[in-house]
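Chemist: Following this message is one structure expressed as structure tokens.
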């Protein structure tokens, strides 16, 4: 089936979206133009249309409006997503060979910048939740120890909020970095909506970061690939760094930027300028009611993190669910899609991640609750049947290995010191394909990056250990390793 037919088929499902992008299947239709063929807006840099890479007219006016809305010094529209903003920011403020601090659970685009610019990363390992296997905190002590051990660090790259919506005390970390003349870049791809929630976590831009990159399309009513790079009013970049940043933005983005993408960003801004705070308050009210109703489930647990973004929430099994082995997380995910036409953002062996936005309607939450209530009842019925089978001696429990997660990998990496080379050092070294069953102890030549969430399990130049291997996606059978 070709792409056009596949998209048509998916569209006909009329899915309820709890995934990216934030417009939720056009529930807030920022591209709707009455009696106008939208392709007439798909133009190039003709007179009156300005130019993204040297904006002086209408594009500059939109960027000024974005900066005013977010209280930034300068805001740059991005048409290659947050990826190009992160690449440009990191390579713009550093020189090849510089050391930078970076949280280990960073997105692959950050690792790409490190490799492309031949940087020396110093990893900041987050605290990982034992039950869910996801990063939940990055402590000030962790960052302080890294700075003390590496006094020549030039920049710190942080992810905030995390993919799952977790926030931490980034204000204190930013202040500590600035005390040591370390510039702070924040991957806030999942946080452009934070300023709409007046009682929730603050944006890193408000908390003092120098450069903040946000993906409008992830959590705001905009289209895929639309993003922004903010330069703080209190930034500590030199003029040379600002010049290099702008050069990279021009070099790494298309020289023919899409006016439809830029139009989408401008229309999104009109929407949230006018109604954003009210739409967010409605969303928070609906979410609170939804969470309260879900608290009555016997087997499923639905919650948002107390120190996080309330529009991100997790569906998992309650601890008591261990009595019923016949259901897995993927069973719930598949049933939501197949029987209830509800699509999640992603699932793992431990949780389902759902992403809400101001474009979700109250009926979306009602529909999700009713679906989960039915599934919870089905699980309860299954557990009774299995219990009866056990009494008859007919049920044999499947032997399952312990679920491995990032917490095991991070601890093993720290103890084993798996980094042998920087990723940039192995680009031109010879390699060979090695069977997964035989690769432990070898040095990797490639990344292993499950997507979502796009966080590397393995980085080129690292020695492969058992804990890392346990997280490999099942479809990976061979790994490129250095010749030895």
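The values are calculated or read from the model by the stated rules, or taken from the named source; none is laboratory data. Just so it is clear, the model here is predicted, and its values are computed rather than measured. Every residue, glycine as well, gets a Cβ built from its backbone with ideal geometry; the counts of neighbours run over all protein chains shown.
Chemist: Counting only residues that are touching a strand residue (DSSP E or B) at 6+ places or on another chain (Cβ under 7 Å) and either crowded, with 19+ Cβ neighbours inside 10 Å or assigned to a helix (DSSP H, G or I) (or both), how many does the range 21-45 have? Explain how you work it out, then say what you get.
Modeler: Taking the range 21-45 as the starting set, the residues that turn out to be touching a strand residue (DSSP E or B) at 6+ places or on another chain (Cβ under 7 Å) are 24-25.
Filter once more, keeping what is either crowded, with 19+ Cβ neighbours inside 10 Å or assigned to a helix (DSSP H, G or I) (or both): 24.
Selection size over the range 21-45: 1.
Chemist: Also, I was wondering about something else. Could you please give the count of residues in the range 286-303 that are surrounded by fewer than 20 Cβ atoms within 10 Å (Cβ to Cβ) and either under 17 Å from residue 134 (Cβ atoms) or not assigned by TED's automatic domain parsing to the domain that holds residue 332 (or both)?
Modeler: 2
One line per residue, one yes/no per condition, for (1) under 19 Å from the mean Cα position of the chain (by Cα); (2) crowded, with 17+ Cβ neighbours inside 10 Å; (3) modelled with pLDDT of 90 or more:
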position: 312; (1), (2), (3): yes, yes, yes
position: 321; (1), (2), (3): no, no, no
position: 326; (1), (2), (3): no, no, no
position: 339; (1), (2), (3): no, no, yes
position: 345; (1), (2), (3): yes, yes, yes
position: 348; (1), (2), (3): yes, yes, no
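Chemist: Could you tell me how many of the residues in the range 105-120 are touching a strand residue (DSSP E or B) at 6+ places or on another chain (Cβ under 9 Å) and either in a helix (DSSP H, G or I) or buried (at least 21 other Cβ atoms within 10 Å of the Cβ) (or both)?
Modeler: Taking the range 105-120 first, the residues touching a strand residue (DSSP E or B) at 6+ places or on another chain (Cβ under 9 Å) are 105-107, 109-111, 113-114, 119-120.
Then keep just the ones that are either in a helix (DSSP H, G or I) or buried (at least 21 other Cβ atoms within 10 Å of the Cβ) (or both); that gives 105-107, 109-111, 113-114, 119.
Total satisfying the criteria: 9.
Chemist: Okay, moving on. Any idea how many residues of the range 1-20 are in a loop (DSSP other than H, G, I, E, B) and surrounded by 13 or more Cβ atoms within 10 Å (Cβ to Cβ)? Spell out how you get there, then give the answer.
Modeler: First, pick out the residues of the range 1-20 that are in a loop (DSSP other than H, G, I, E, B): 1-2, 13-15, 18-20.
Keeping just the survivors that are surrounded by 13 or more Cβ atoms within 10 Å (Cβ to Cβ) gives 15, 18-20.
The qualifying residues number 4.
Each row is one residue, and each column tells you yes or no for (1) within 23 Å of residue 269 (Cα to Cα); (2) without any contact (Cβ under 8 Å) to a residue 60 or more places away in the chain.
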site	(1), (2)
65	yes, no
68	yes, yes
71	yes, no
74	yes, no
79	yes, no
84	yes, no
87	no, no
92	no, no
102	no, yes
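Chemist: Is one or more of the residues making up the range 46-54 within 24 Å of the chain's Cα centre (by Cα) and exposed (fewer than 13 other Cβ atoms within 10 Å of the Cβ)?
Modeler: Step one: of the range 46-54, the residues within 24 Å of the chain's Cα centre (by Cα) are none.
Scanning the range 46-54 turns up no residue that is within 24 Å of the chain's Cα centre (by Cα) and exposed (fewer than 13 other Cβ atoms within 10 Å of the Cβ).
Chemist: Moving on to the next point. Return the only residue of 125, 69 being in contact with a helix residue (DSSP H, G or I) (Cβ under 9 Å, 6 or more places away or on another chain) and farther than 28 Å from residue 316 by Cβ.
Modeler: Details: 125 fails: farther than 28 Å from residue 316 by Cβ.
The unique qualifying residue is 69.
Chemist: Shifting gears a bit: Can you pull out every residue in the range 458-475 that is loosely packed, with under 15 Cβ neighbours inside 10 Å and either more than 29 Å from residue 21 (Cβ to Cβ) or touching a residue at least 12 places away in the same chain (Cβ under 8 Å) (or both)? Break it down stepwise before answering.
Modeler: Going through the range 458-475, the residues loosely packed, with under 15 Cβ neighbours inside 10 Å turn out to be 466, 473-475.
Hits for the range 458-475 are 466, 473.
Chemist: I'd like to know if the range 448-457 contains one or more residues that are in contact with a strand residue (DSSP E or B) (Cβ under 8 Å, 6 or more places away or on another chain), closer than 30 Å to residue 190 by Cα, crowded, with 17+ Cβ neighbours inside 10 Å and without any contact (Cβ under 8 Å) to a residue 24 or more places away in the chain.
Modeler: no
Chemist: Moving on. Considering the range 235-260 alone, what residues qualify as being over 27 Å from residue 206 (Cα atoms) and exposed (fewer than 14 other Cβ atoms within 10 Å of the Cβ)?
Modeler: 251, 254, 255, 256
Chemist: Read through the list (1) under 30 Å from residue 153 (Cβ atoms); (2) free of Cβ contacts under 8 Å to residues at least 40 places away in the same chain; (3) in contact with a strand residue (DSSP E or B) (Cβ under 7 Å, 6 or more places away or on another chain), then give the number of the only condition that residue 96 fails.
Modeler: (3)
Chemist: Give me a count of the residues in the range 235-283 that are free of Cβ contacts under 8 Å to residues at least 60 places away in the same chain and part of a loop (DSSP other than H, G, I, E, B).
Modeler: 2
Chemist: Considering the range 457-470 alone, what residues qualify as being assigned to a loop (DSSP other than H, G, I, E, B) and closer than 17 Å to residue 419 by Cβ? So that I can check it myself, show each step before the final result.
Modeler: The initial filter retains those residues of the range 457-470 that are assigned to a loop (DSSP other than H, G, I, E, B), namely 457, 459-461, 464-465, 470.
Matches in the range 457-470: 457, 459, 460, 461, 464, 465.
Chemist: Quick check on the range 270-283: of everything there that is out of contact with any helix residue (DSSP H, G or I) (no Cβ under 6 Å at 6 or more places or on another chain) and buried (at least 18 other Cβ atoms within 10 Å of the Cβ), which residue is nearest to residue 312 (Cα to Cα)?
Modeler: 283
Chemist: Output yes when any residue across the range 57-77 is over 27 Å from the mean Cα position of the chain (by Cα), assigned by TED's automatic domain parsing to the domain that holds residue 238 and assigned to a loop (DSSP other than H, G, I, E, B), and no when none is.
Modeler: yes
Chemist: Within the range 177-200, take every residue that is touching a helix residue (DSSP H, G or I) at 6+ places or on another chain (Cβ under 6 Å) and over 18 Å from residue 119 (Cα atoms) and give me the one that is surrounded by the most Cβ atoms within 10 Å (Cβ to Cβ).
Modeler: Among those that are touching a helix residue (DSSP H, G or I) at 6+ places or on another chain (Cβ under 6 Å) and over 18 Å from residue 119 (Cα atoms), it is 192.
Chemist: Further question: What number of residues in the range 202-230 are crowded, with 21+ Cβ neighbours inside 10 Å and either assigned to a strand (DSSP E or B) or under 17 Å from the mean Cα position of the chain (by Cα) (or both)?
Modeler: 20
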